[in-house]
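J.: Can you keep this structure in mind? I'll have questions shortly.
The values are calculated or read from the model by the stated rules, or taken from the named source; none is laboratory data. Since the model is a prediction, treat every value here as computed from it, not as a measurement. All Cβ positions, glycine included, derive from the backbone under ideal geometry; neighbour counts span all protein chains shown. SASA here: full protein model, heavy atoms, side chains in, ligands and nucleic acids out. Shrake-Rupley method; radii C 1.70, N 1.55, O 1.52, S 1.80 Å.
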Amino acid sequence: MRKSSYLFLLPFFLLTSCADPDTTDLDVAGLFSGQSERTNVRFTQSMAYNDSVGYPVIAASDETYRVFVCTDTHISDCRDNLEYFISAYRQALDCPLALHLGDHIDAQTHWDFMDAAFTDIPANPLKHDTCLHLVGNHDLYFGQWTTYRSLYRTGTYYAVVQTPSGAQDLFIVLDSGEGSLGSLQLAWLRQLLDWADNQPFRHRIVCTHTHLFKPDASQGHTSNFELEETYELMSLFTRHQIELFLSGHDHSREVYNLNGVTYIVLDALEQKGNPAFYLELTLAPVASSSVSSSLAYSFVSVPDSVSSH
């Protein structure tokens, strides 16, 4: 079992856990077992919210548009990189949607400091944009799901971007904060993909915090999906023509193309991680000749002058 590989570190964890619980960034118990509500409970709470408000439909101003994606900001005492990212997508007139793939904060504090960045940076009066948030493992440590819900309401949902012609692109957001979707969320995903097969979506994108392919256990029980779950997810994505799977968590860029699906692990945007990157997606009509592909991506570096602050 995964947890057994951490037994040799137990003395270190016990010593570390003696630190002031208001200042330590290490949730010892959380490395072995989640300290927030478990995955199926979180899913049920997320669905209750979704049922009450529905799923977002976001208007794009053109048939081709961009989506800005970041992950692993781990906000502590500085948020310059996050502010740079927010300013970038809010200034881009062709960007109706941004994604934060999770691990917003470093541990148990700084939620207000992190969330205020989205308020302090003014919106562009010439357009509307939305940022979708995902649950990361650090967002759950120290029982923080209650705080996360108060800010972002739900951890599992989907959003549709609609262009002026009526074309639609599907973005599926999954809660993988504990390294698994859980039985209820996986069943919901199967049903959602069956439904999507009967809809005329141009592009279908799935987003999680946890990646699929890393075999190490550096993050305890949240390190990566179990192999059986990975196999089923990859089979579902191929069968249901998912184009792109986005994840973070590992702080190291990786790109795979397997069975018609592109899997991208994003670099971290965190302040102490240099260089810091975010991702820009360009989604275009499938038959468009204006771009080399109907779905393209590029990695954008945050300038050192920003990250070094």
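J.: Would you list the P(r) distribution for the range 74-114, with all Cα-Cα distances sorted into 10 Å bins from 0 and each bin expressed as a whole %?
T.: With 10 Å bins starting at 0, P(r) equals 27, 48, 21, 3.
J.: Another one. If R0 is 45 Å, what FRET efficiency do you get for Tyr256 and Val53 from their C-beta distance, rounded to 0.05?
T.: With R0 = 45 Å, the Cβ-Cβ based efficiency is 0.80.
J.: Using protein chains only and a probe of 1.4 angstrom, how many square angstrom of Tyr231 are accessible, to the nearest 10?
T.: Number for this one is 140 Å².
J.: A follow-up question, please. Give me the net charge for the shell around Pro303: Cβ to Cβ below 15 angstrom, other residues only, Lys and Arg +1, Asp and Glu -1.
T.: -4
J.: Leaving ligands, DNA and RNA out of it, work out the accessible area of Val41 with a 1.4 Å probe and give it in Å² to the nearest 10.
T.: 70 Å²
J.: Counting only the heavy atoms of the protein chains, how much of Glu243 is accessible to a 1.4 Å probe, in Å² to the nearest 10?
T.: Counting only protein heavy atoms, Glu243 exposes about 60 Å² to solvent.
J.: Could you check what % of the DSSP bridge pairs in the range 35-307 are antiparallel, to the nearest 5?
T.: 50 percent
J.: Right, another one. Sticking with the crude label model, points 7 Å out along Cα→Cβ, report the distance from Cys78 to Val160 in nm, one decimal please.
T.: Calculated label separation equals 4.4 nm.
J.: Right, here's the next one. Starting from 0.36 nm per residue, how many nanometres of slack lie between Glu226 and Ala116 once their C-alpha separation is accounted for?
T.: Details: separation 110, 0.36 × 110 = 39.60 nm, distance 3.54 nm.
Stretched fully, the Glu226-Ala116 segment lengthens by 36.1 nm.
J.: What does the highest-first list of 163-174, 121-132 look like by mean Cβ count within 10 Å? Walk me through the numbers before you get to the answer.
T.: Working: 163-174: 18.1, 121-132: 13.6.
Going by the mean number of other Cβ atoms within 10 Å, highest first, we get 163-174, 121-132.
J.: Now a separate question. Which is farthest toward the positive dipole end of the range 74-163 among Cys95, Tyr141, Pro122, measuring Cα position about the Cα centre, with Cβ charges +1 (Lys, Arg) and -1 (Asp, Glu)?
T.: With unit charges placed on the Cβ atoms, the residue in question is Cys95.
J.: Would you tally the net charge around Pro96, using a Cβ to Cβ cut-off of less than 15 Å, leaving Pro96 out, and scoring K and R as +1, D and E as -1?
T.: Every neighbour counted, the sum reads -2.
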